[in-house]
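Asker: Quick one: the structure is below, and I'll ask about it shortly.
Quick note: the coordinates plus some simple rules give every number you see, no bench work behind them. Keep in mind the model is a prediction, meaning the values are calculated, not measured. Here the Cβ positions follow ideal geometry from the backbone for every residue, glycine too, while neighbour counts run over all protein chains shown.
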Amino acid sequence: MARGAADSYTARWRKSMHRARTALRKSGVDYFRGDGSDWIALVGLLLTVPAIACGTILVPVWCAPAALVLPIVAGGLLLRPASLLGLYAAAAGALIVEALMLGPYMEGPARVTPGTVLVVAACGFFGLLIAQFRARVGVPWRRGGTMLFDLRERIRVQSALPRLPKGWHREMALRPAGGQSFSGDFVVAARTNGGRTLEVVLTDVSGKGMDAGSRALLLSGAFGGLLGSLPPHGFLPAANGYLLRQDWDEGFATSIHLVLDLDSGDYELLSAGHLPALQLHSGTGRWEEKSAEGPLLGVYDGAQFDPVKGTLCPGDVLMLFTDGLVEANDREIAEGMDRLTGEADRYVATGFEGAAWHLIEAVAKDVNDDRALLLVRREP
């Protein structure tokens, strides 16, 4: 009977330990995913506070009273605002104990001075601001950087140009303002009509850099869904209606839509307030502006977009770009376009391999604006 009771007690103890280990493991996984409670971090940081206080009392020269800012800074990154206040209370208590044990600060070095209190309080204030910001956004610091990296990669993938059949060359370069990772310029492209047609949309959202990056990400996803799902002449009206429904304060954008027949080289350009495209005719070596008519996207409903047509013969090049490459305070757009074509002439003999990146470097390297450049060449 006693043996059965002991076995039953052992079994219950093992089950309890198993449940505790499972709960601890789940809490740890949820916490580092950003979905769980912050009690693990709170307990760990609360334990560091008395450890630092003991070190300060025993060896104040090596462990200064200001070392309490370490758990406070960590708490600002890890804890929720309510938990952070508990950590601050523990840190304040540790400062009081240190001041009592070490004596008045006038009697020697390594004491709790008014400056130490101010430093710890200032770190606590900024830590609380960070915690409140994280709580409002709803993104833990452990996942925030990963999310931004993922968003940047999604923009890059959405801007990738599809492979073209033999006899065609395409490349694209995108440079955000100020060296940032997010841009208000973006490209969406797809091969439609059974792969015989290349459709490319180059868009410049109002604003630049991070200010326009969030809207560019939303629009690139929407435009990528529209492209190929509608007839070519229906894309810009649908995009215009989408922007109008967003009702943004800065809700306008410019866009140019290329529809290229990869068999014949015939193409159409439809523009929504965008700069004209430039075509290099290999026979004459001259650049021709291809300007379509159409208003900005997101300005008024019922806008009409009239196409302009052309043909890419063997050796011809079509260049699409945003205003960051040609617009500047000290020159007009026409001068910027002349400079762009002048630099592009240097790459005619080499077949325009790598020309998009080099052209941005040559004409708009240090411009504080988003820059995008797309080249399509029919091989001779």
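Asker: Can you pull out the GluC sites (Glu not before Pro) in segment 196-298 that DSSP calls coil and that have at most 14 other Cβ atoms within 10 Å?
Answerer: Glu250
Asker: Amide H to amide H under 5 Å from His274: which residues, 5+ apart in sequence or cross-chain, H placed 1.01 Å off N in plane?
Answerer: Here the answer is Ser255, since their amide H atoms fall under 5 Å of that of His274.
Asker: Can you list the residues, at least 5 places off or on another chain, whose amide H is less than 5 Å from the amide H of Thr322, using H built in the peptide plane?
Answerer: Residues meeting the criterion, in which the H sits 1.01 Å from N, are Ala372.
Asker: Next question. Taking amide H positions as placed 1.01 Å from N in the peptide plane, with prolines and chain starts having none, which residues 5 or more places from Glu171, or on another chain, fall under 5 Å of its amide H?
Answerer: Those qualifying (amide H under 5 Å, at least 5 residues apart or on another chain) are Leu375.
Asker: Another one. Over the residues of segment 157-302, compute the C-alpha Rg and express it relative to 2.2 N^0.38 Å.
Answerer: 1.05
Asker: Sticking with this structure for a sec: Where Lys and Arg each count +1 and Asp and Glu each count -1, what net charge lies around Ile57 among other residues with Cβ under 12 Å from its Cβ?
Answerer: Local charge sum for Ile57: 0.
Asker: To the nearest Å, what is the center-to-center distance of segment 81-129 and segment 312-380, using C-alpha atoms only?
Answerer: Between the Cα centres of segment 81-129 and segment 312-380 lies a distance of 59 Å.
Asker: May I ask you to evaluate 6.51 cos²θ - 1.76 cosθ + 1.60, the Karplus curve with θ = phi - 60°, for each residue of segment 70-80 and list the ³J(HN,Hα) values in order in whole Hz, giving x for glycine and proline?
Answerer: Once rounded to whole Hz, the list reads 4, x, 5, 5, 4, x, x, 8, 10, 9, 7.
Asker: A further question on this structure: If I model a spin label as a point 7 Å beyond the Cα along the Cα-Cβ vector, how far apart are those points for Ser282 and Ala11 in nm?
Answerer: It works out to 8.5 nm between the two label points.
Asker: P(r) for segment 222-380, please, calculated from all Cα pair distances in 10 Å bins and given in %.
Answerer: 10, 36, 35, 17, 2
Asker: Need the list of aspartates and glutamates near Lys15 for cross-linking: C-alpha distance under 20 angstrom, and skip anything on the same chain fewer than eight residues off.
Answerer: The reachable aspartates and glutamates, counting only those whose Cα sits under 20 Å from Lys15, are Asp7.
Asker: Another one. Once you have the Cα-Cα distance between Glu250 and Val157, take 0.36 nm times their residue separation minus that, and quote the gain in nm to one decimal.
Answerer: So the extension gain works out to 30.9 nm.
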